[in-house]
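First comes the structure, then the notes that go with it.
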Amino acid sequence: MRFVNAALLSVAVAALAACAAQPIAPEKLTAIKTVVTTVGNDVEFQRVGYMAFGNGLKSIDISELKIAGFFVERLRKLLGGRYVVKQVAYDAKTFPQDVIWDRSDASPLSDAKPGGEVIRSHVSPQGLDAYIVVVPYFDGFGTTNQRIEGFGIVRGSSLFSVHFWLHALYQVVVYDGEYYEPIAYMPAVMPGQGFTEIIRGPAREVDESYWSDSPDSLSAEQKERLRKAFEDLIDRSLPETLRQLKLLP
């Protein structure tokens, strides 16, 4: 999870949908009968201050939030009416997420992407029609040059004020189950966002009670509050993201 302390930034969500997404072609839809999912549990705490010396970042593992399991549950619920949905098995300790999640701006459909081989060698069962992989995504924050990733909290400070934003940035990538090639992808879409959002994608402003200067010492109450807030952002964004992918009507 990331807590980010950052100055404010205005960006346009339209550019994300137009330039950084690829839906499934209609002819591919009939081939997708089985869907499986995988996602990590890392959360980052990032600090981006008014001056550069105020910046900071700390990443911790909060597996008890069960973000991955929540994605599986929601994907099963949303897609179960159209597809046969099965959960995959993989060893989270050895799964090379840094390989399957490329932090560059390159398209997941690039021929150089090794994600398909990761699925082939680390995920079971094999021989399914398609694999849906949920990975963290990234975005800039406000007018700063700082980047935020995945799930976390941003503490954004300007000269006169401090604000906090919770974010759940993720991307859905669909891999063909026969050749293990990516065939579609979509960064999470947050319905109702305008052109001047501080964060593009699933995010909302929260109060200071969500923040901690010592994320390793989060209380049980804080973790529960974060879990519910992240689940709310996923619930609000995942259906529209799947519709943009043409996986839902």
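The values are calculated or read from the model by the stated rules, or taken from the named source; none is laboratory data. All values derive from a computational prediction rather than experimental measurement. Neighbour counts run over all protein chains shown; Cβ positions are idealised from the backbone, glycine included.
A few remarks follow.
- Filter pass, ARG155 being at pLDDT below 85, buried (at least 19 other Cβ atoms within 10 Å of the Cβ) and within 13 Å of the chain's Cα centre (by Cα): no
- Residues within the range 212-227 that are exposed (fewer than 10 other Cβ atoms within 10 Å of the Cβ) and either assigned to a loop (DSSP other than H, G, I, E, B) or not charged (D, E, K, R) (or both), tallied: 4
- When the range 183-228 is filtered for residues that are more than 19 Å from VAL133 (Cβ to Cβ), within 14 Å of the chain's Cα centre (by Cα) and not charged (D, E, K, R), the ones remaining, listed by number, are MET190, ILE199, ALA203.
- If you go through the range 229-249 and keep only what is touching a helix residue (DSSP H, G or I) at 6+ places or on another chain (Cβ under 8 Å) and either of a type in the set (S, T, N, Q) or part of a helix (DSSP H, G or I) (or both), you end up with ALA229, PHE230, GLU231, ILE234, ASP235, LEU238, PRO239, LEU242, GLN244.
- Residue list for the range 199-217, restricted to those being in contact (Cβ under 8 Å) with a residue 24 or more places away in the chain and within 13 Å of ILE153 (Cα to Cα): ILE199, PRO202, ALA203, ARG204, GLU205, VAL206, ASP207, GLU208, TYR210, TRP211, SER212, PRO215
- Here SER209 does not fit the description of being in a helix (DSSP H, G or I) and under 26 Å from ILE24 (Cβ atoms).
- Residue within the range 96-119 that is part of a strand (DSSP E or B), at pLDDT 70 or above and small (Gly, Ala, Ser) present: no
- Count - residues of the range 161-202 that are surrounded by fewer than 24 Cβ atoms within 10 Å (Cβ to Cβ), small (Gly, Ala, Ser) and closer than 19 Å to GLN146 by Cβ: 1
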